[in-house]
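Colleague: I'd like to ask some things about the structure below.
The values are calculated or read from the model by the stated rules, or taken from the named source; none is laboratory data. Everything numeric here is computed off the predicted structure, so don't read it as measured data. Because the Cβ atoms are built from the backbone with ideal geometry, glycine has one as well, and the counts that use them run over all protein chains shown. All accessible areas refer to the heavy atoms of the entire protein, side chains included, with ligands and DNA or RNA removed. Shrake-Rupley method; radii C 1.70, N 1.55, O 1.52, S 1.80 Å.
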Amino acid sequence: MTNVIDGTKRIERSDDQLMEAVVNRESEALECIYTRYESLLRKVILGVLRDESEVDDILHEVLLQVWEQGDRYNPNDLGLRGLLVTLARRRALDRLRRRAAYRRATENLKSDVDNPLIKEIIIGSNLLENSDLSALLTRVIQLLPEAQKEVINLAFFKGMSQREIATQRNISLGTVKTRLHLAQLKLHKFLLPLQNKI
């Protein structure tokens, strides 16, 4: 049981009481849950990912889900501990699946010689001038959400690695990869119909 200061006296709360407090929007209850289970959840997440760089992000996602969906909590045989472990494991597995999907998409993108993001552009008499192409690409990039636009500019125009972007912007490497992936997909979808005109 965790000791919580409540007014002038100390009280001890069970997991079920903490979840009831979460439903009542008592933020200190979430802090108690974090304190009580942080170490265990870190081990669970790290056991799945084998990479410490994303553990904090996933732990945050788990606690956010508990906060947002606390009213769905139903005490059962596993209790709060079991629920948190299950959520942490699922989130970590989701992150692994996204990583694998990102790797596959990146490899496919690199091997797709017809892709307008990868294909070398040969300028001919019936094709756009380089300056027109540059202006088109600039306009398309401006349509991206700000976060995706930022990582595209840093990666492709400033030559920064994904790890450098993560460090400079103080975001996780996984977030950088996801933003780049989503931006590339959007650019590809927009430029695909123009492929034969470029």
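Colleague: May I ask you to say which residue of Arg36, Arg42 is closer than 17 Å to Leu93 by Cα and assigned to a helix (DSSP H, G or I)?
Modeller: From the options Arg36, Arg42, the qualifying one is Arg42.
Colleague: Another question about this same structure. Go through segment 48-67 and give me each residue that's of a type outside the set (A, V, I, L, M, F, W, C), in a helix (DSSP H, G or I) and out of contact with any helix residue (DSSP H, G or I) (no Cβ under 8 Å at 6 or more places or on another chain).
Modeller: Selection gives Asp56, His60.
Colleague: Among the residues in segment 48-59, are any surrounded by fewer than 12 Cβ atoms within 10 Å (Cβ to Cβ), at pLDDT below 90 and under 29 Å from Thr175 (Cα atoms)?
Modeller: Yes; the residues of segment 48-59 include at least one that is surrounded by fewer than 12 Cβ atoms within 10 Å (Cβ to Cβ), at pLDDT below 90 and under 29 Å from Thr175 (Cα atoms).
Colleague: Could you check, for segment 83-91, whether at least one of its residues is more than 21 Å from Ser172 (Cα to Cα), modelled with pLDDT of 90 or more and not aliphatic (A, V, I, L, M)?
Modeller: Yes, because at least one residue in segment 83-91 is more than 21 Å from Ser172 (Cα to Cα), modelled with pLDDT of 90 or more and not aliphatic (A, V, I, L, M).
Colleague: Where residues in segment 17-27 are modelled with pLDDT of 90 or more and either part of a helix (DSSP H, G or I) or among the hydroxyl-bearing types (Ser, Thr, Tyr) (or both), which of them is nearest to Leu87 (Cα to Cα)?
Modeller: Ranking the qualifying residues of segment 17-27, first place goes to Met19.
Colleague: Picking from Glu31, Glu12, which residue would you name as being open to solvent by 60 Å² or more (accessible area, probe 1.4 Å), more than 14 Å from Ala88 (Cβ to Cβ) and outside any helix (DSSP H, G or I)?
Modeller: Among Glu31, Glu12, only Glu12 is open to solvent by 60 Å² or more (accessible area, probe 1.4 Å), more than 14 Å from Ala88 (Cβ to Cβ) and outside any helix (DSSP H, G or I).
Colleague: Now, a different point. Testing Arg163 on (1) open to solvent by 60 Å² or more (accessible area, probe 1.4 Å); (2) modelled with pLDDT under 85, one condition comes back false. Which one is that?
Modeller: The failed condition is (2).
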